[in-house]
Amino acid sequence: MNGYYTGMKNEKDKILNAHRQHGRQFMGTQIVYPVLSRRSGGISIGVNLNIDKVCNFNCAYCQVDRSCQVKVDFSIETLEKELTEMIQLVLDGGLFEYEPFDQAPEKLRRLNDIALSGDGEPTASPYFLEACQEIVKIKEQLKLNDIKIIVITNSTMFNKEKVQLGLELLDKHNGEIWAKLDAGSEEYYKKVNQSKISFERILDNLLLVSQKRPIVIQTLMSNIDNEAPSESEIQNYIQRLEYIIANGGKIKHIQLHTIVRKTRQSNLTKLSDEQLDNIARMISNKIDVPLSKHYG
Ligand code: SF4
């Protein structure tokens, strides 16, 4: 954490940066990491199931640094130890003695959730089901019934049986799915998410998973070569959501994001507040679901 605030101008900068810092390690941890989350209004403890940094997407906006590889293996034992200790550190307030969390406003000094996220696609990890079981076990031992377990996912693996079992377990323990959908057309999907997995599979999976429980749709849009997604791309995106809803899928929230950190491809830039507002308006005019805007 040392040196992170070099050049900071004032207290506001420090707090903003505390929000923006999403490092995957904290004081030597391998798997869990705390994040001061703007979205949730508290501390989110991230669980990185992909410490090997493997992902089945290659998003143009990805922020994972794959130039350096971690030479440790994931294990459920390490997850158990680190997660239990990190939860205790948040609950007893010890976390807020360390930078950047010492800058957190009082009202954000609370544990909000445990999030399966990290340096790749969590549901693609062979440990996904076991990790869900372990997290549920720890949550029950510590009587943290109100704490959410969020799966932040690119929607590629919902058709797999073990993933479905993991999600069904989380359904009973305050689980929530934040599923990525960044495009309305196959062409734009290929440009942004750059995966071998077909766009059709993503759409089928979103329908499958949302027919069983309400989900959150997480969408990131940006300028590519100084161009925002076209109006027809936005309309295609809206039609995808309409199709899900018309077929019994439940969407409880849409998060509309743009870029806030350095991206893998340098030809991406954040949407202006006005651009993001316009896209949000187009979506909200057609889709009757709460939408939150996350500016760059
Ligand atoms: S799904 Fe996430 S980790 Fe994978 S490439 Fe996209 S942004 Fe990066």
Considering only protein heavy atoms, what is the solvent-accessible area of T29 at a probe of 1.4 Å, reported in Å² to the nearest 10? 20
Using only alpha-carbon positions, what ratio does the radius of gyration of the stretch 75-198 give when scaled by 2.2 N^0.38 Å? 1.21
Computed label-point distance, nm, for sites Q235 and K191 using a 7 Å Cα→Cβ extension: 1.6
If ligands, DNA and RNA are left out, what is the accessible area of E274 with a 1.4 Å probe, given in Å² to the nearest 10? 130
At what distance in nm do the modelled label points of D204 and D102 sit from each other, each positioned 7 Å from its Cα along Cα→Cβ? 5.4
Too long for a 21 Å Cα-Cα cut-off, among K71/K137; K139/K250; K160/K180; K172/K250, are K71/K137; K139/K250
Accessible area, 1.4 Å probe, largest first: how do I245, I152, I51 sort? I245, I152, I51
Label-point separation, T84 to K286 (7 Å along Cα→Cβ), nm: 5.0
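Based on Cβ point charges of +1 for Lys and Arg and -1 for Asp and Glu, what charge dipole magnitude is obtained for the chain about its Cα centre, in debye rounded to the nearest 20?
Using Cβ point charges on Lys, Arg, Asp and Glu, the chain gives about 200 debye.
For the chain, what does the relative contact order come out to in percent, with C-alpha contacts under 8 Å and a separation of six or more?
Numbers: 533 pairs, mean separation 48.1, N = 296.
Averaging sequence separation for qualifying contacts and normalising by length gives 16 percent for the chain.
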For V163, V54, what's the largest-to-smallest order of accessible area, 1.4 Å probe? V54, V163
Output the antiparallel fraction of DSSP beta bridges having both residues in the chain, as a percent to the nearest 5. 25
Stretchable slack from Q63 to R264, in nm (0.36 nm times residue separation minus alpha-carbon distance): 71.8 nm
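Please work out whether the stretch 126-229 counts as rounded, prolate or oblate from its C-alpha gyration tensor, where a ≥ b ≥ c are the square roots of the eigenvalues and a/c under 1.5 means rounded, while otherwise a/b larger than b/c means prolate and anything else oblate?
Verdict is prolate for the stretch 126-229.
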Once amide hydrogens are built 1.01 Å from N within the peptide plane, the residues lying 5 or more places from Q218 or on another chain with amide H under 5 Å from its amide H are A179, K180, L181, Q255
Can you give the FRET efficiency to the nearest 0.05 for R109 and K252, using r as the Cβ-Cβ distance and R₀ = 41 Å? 0.95
In Å², nearest 10: area of R261 left accessible to a 1.4 Å probe: 70
Kirkwood Rh over alpha-carbon pairs of the chain, then Stokes-Einstein at 37 °C and 0.692 mPa s: what D in µm² s⁻¹, rounded to an integer? 165
Per-residue HN-Hα couplings for the stretch 131-144, Karplus 6.51 cos²θ - 1.76 cosθ + 1.60 at θ = phi - 60°, whole Hz, x for Gly and Pro? 5, 4, 4, 5, 5, 4, 4, 5, 4, 5, 4, 8, 6, 9
Could you give the length gained by full extension between E161 and N145, i.e. 0.36 nm per residue of separation minus their alpha carbon distance, to one decimal place? 3.2 nm
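At 0.36 nm per residue, minus the direct Cα-Cα distance, what do I76 and E274 gain on full extension? Give it in nm, one decimal, please.
Contour length minus Cα-Cα distance gives 66.8 nm.
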Sorting check: for 104-110, 167-173, 201-207, which peptide has the highest mean count of neighbouring beta carbons within 10 Å, and how do the rest follow? 201-207, 167-173, 104-110
What is the antiparallel percent of DSSP beta bridges lying wholly in the stretch 181-296, to the nearest 5? 25
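The values are calculated or read from the model by the stated rules, or taken from the named source; none is laboratory data. Note that the coordinates shown come from a computational prediction; the quantities given were computed from them, not determined experimentally. Backbone-built Cβ (ideal geometry, glycine too); neighbour counts: all protein chains shown. Surface accessibility is based on the protein's heavy atoms, side chains included, excluding ligands, DNA and RNA. Shrake-Rupley method; radii C 1.70, N 1.55, O 1.52, S 1.80 Å.
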